[in-house]
Amino acid sequence: MTEENPGTSSGAEHSSAGNPVREMFILALFYLPLGFFLWFYLASVLMWFPSRLSDWVLTGFFPELFERVVQFGFQLEIQTRVQLSRQVEGQ
(Lines give C-alpha, C1' and ligand atoms only; values in the text may rest on other atoms or scores of the structure.)
Protein backbone atom coordinates (compact mmCIF):
# COMPACT_ATOMS: atom_id res chain seq x y z
CA MET A 1 0.00 0.00 0.00
CA THR A 2 1.31 3.37 -0.95
CA GLU A 3 0.00 6.60 0.38
CA GLU A 4 0.75 9.90 -1.24
CA ASN A 5 2.32 12.49 0.98
CA PRO A 6 0.05 15.56 1.09
CA GLY A 7 3.13 17.80 0.89
CA THR A 8 4.21 16.47 -2.51
CA SER A 9 2.47 17.17 -5.77
CA SER A 10 2.00 14.89 -8.71
CA GLY A 11 3.61 15.53 -12.09
CA ALA A 12 0.32 16.66 -13.66
CA GLU A 13 -0.19 19.39 -11.08
CA HIS A 14 3.41 20.57 -11.41
CA SER A 15 3.24 20.90 -15.21
CA SER A 16 0.00 22.88 -15.07
CA ALA A 17 1.63 25.52 -12.86
CA GLY A 18 3.61 26.85 -15.83
CA ASN A 19 7.11 28.08 -16.33
CA PRO A 20 7.91 30.92 -13.91
CA VAL A 21 10.26 32.57 -16.41
CA ARG A 22 7.51 32.61 -19.04
CA GLU A 23 5.04 34.08 -16.54
CA MET A 24 7.54 36.79 -15.59
CA PHE A 25 8.11 37.61 -19.28
CA ILE A 26 4.35 37.91 -19.91
CA LEU A 27 3.91 40.16 -16.86
CA ALA A 28 6.80 42.34 -18.06
CA LEU A 29 5.09 42.71 -21.44
CA PHE A 30 1.91 43.84 -19.70
CA TYR A 31 3.73 46.34 -17.47
CA LEU A 32 5.92 47.89 -20.19
CA PRO A 33 3.14 50.02 -21.76
CA LEU A 34 2.03 51.21 -18.32
CA GLY A 35 5.59 52.10 -17.37
CA PHE A 36 6.17 53.98 -20.62
CA PHE A 37 2.90 55.88 -20.21
CA LEU A 38 3.79 56.95 -16.67
CA TRP A 39 7.35 57.86 -17.63
CA PHE A 40 6.22 59.93 -20.64
CA TYR A 41 3.36 61.83 -19.02
CA LEU A 42 4.85 62.28 -15.55
CA ALA A 43 8.38 63.21 -16.68
CA SER A 44 7.97 66.86 -15.72
CA VAL A 45 6.73 65.88 -12.26
CA LEU A 46 9.59 63.42 -11.83
CA MET A 47 12.12 66.09 -12.85
CA TRP A 48 10.84 68.71 -10.40
CA PHE A 49 13.00 67.58 -7.47
CA PRO A 50 16.25 67.21 -9.50
CA SER A 51 15.67 70.67 -10.99
CA ARG A 52 15.19 72.26 -7.55
CA LEU A 53 18.21 70.40 -6.19
CA SER A 54 20.47 71.40 -9.09
CA ASP A 55 19.26 75.01 -8.84
CA TRP A 56 20.06 75.08 -5.14
CA VAL A 57 23.49 73.44 -5.55
CA LEU A 58 24.67 75.43 -8.58
CA THR A 59 23.48 78.85 -7.43
CA GLY A 60 24.50 78.12 -3.84
CA PHE A 61 28.08 77.05 -4.51
CA PHE A 62 28.76 79.17 -7.62
CA PRO A 63 26.50 82.27 -7.44
CA GLU A 64 28.89 84.33 -9.58
CA LEU A 65 28.71 81.76 -12.42
CA PHE A 66 25.14 80.36 -12.45
CA GLU A 67 22.04 82.53 -12.43
CA ARG A 68 19.25 79.92 -12.26
CA VAL A 69 17.98 76.55 -13.46
CA VAL A 70 14.71 76.70 -15.39
CA GLN A 71 12.50 73.69 -16.04
CA PHE A 72 10.67 73.36 -19.37
CA GLY A 73 8.63 70.20 -19.01
CA PHE A 74 11.16 67.40 -18.62
CA GLN A 75 14.09 69.50 -19.87
CA LEU A 76 16.29 71.69 -17.71
CA GLU A 77 17.96 74.89 -18.87
CA ILE A 78 20.91 76.23 -16.92
CA GLN A 79 21.23 79.99 -17.25
CA THR A 80 24.67 81.41 -16.57
CA ARG A 81 26.11 84.86 -15.97
CA VAL A 82 28.93 84.30 -18.48
CA GLN A 83 29.29 87.22 -20.91
CA LEU A 84 30.85 86.42 -24.28
CA SER A 85 32.99 88.97 -26.12
CA ARG A 86 31.23 88.22 -29.43
CA GLN A 87 27.95 86.63 -30.49
CA VAL A 88 28.13 82.92 -31.38
CA GLU A 89 25.70 80.71 -33.28
CA GLY A 90 24.10 77.71 -31.65
CA GLN A 91 22.18 76.72 -28.59
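The values are calculated or read from the model by the stated rules, or taken from the named source; none is laboratory data. Bear in mind the structure is a predicted one, so any value in this text is a computation, not a measurement. Every residue, glycine among them, receives a Cβ derived from its backbone with ideal geometry; neighbour counts consider all protein chains shown.
Checked against (1) modelled with pLDDT of 90 or more; (2) not polar (S, T, N, Q); (3) not in a loop (DSSP other than H, G, I, E, B), Ala12 passes all but a single condition, namely (1).
Return a yes/no flag: does segment 30-53 have any residue that is over 20 Å from the mean Cα position of the chain (by Cα), of a type outside the set (D, E, K, R) and at pLDDT 90 or above. No, because not a single residue in segment 30-53 is over 20 Å from the mean Cα position of the chain (by Cα), of a type outside the set (D, E, K, R) and at pLDDT 90 or above. Residue pairs whose Cβ atoms lie under 7 Å apart, sitting 6 or more positions apart in sequence or on different chains, and linking a residue in segment 16-44 that is closer than 21 Å to Gln71 by Cα and touching a residue at least 12 places away in the same chain (Cβ under 8 Å) to a partner that is part of a loop (DSSP other than H, G, I, E, B) and not small (Gly, Ala, Ser), are Ala43/Phe74; Ser44/Phe74. Got a number for residues in segment 49-91 being touching a helix residue (DSSP H, G or I) at 6+ places or on another chain (Cβ under 7 Å) and either in a helix (DSSP H, G or I) or among the basic types (Lys, Arg) (or both)? Number of matching residues: 1.
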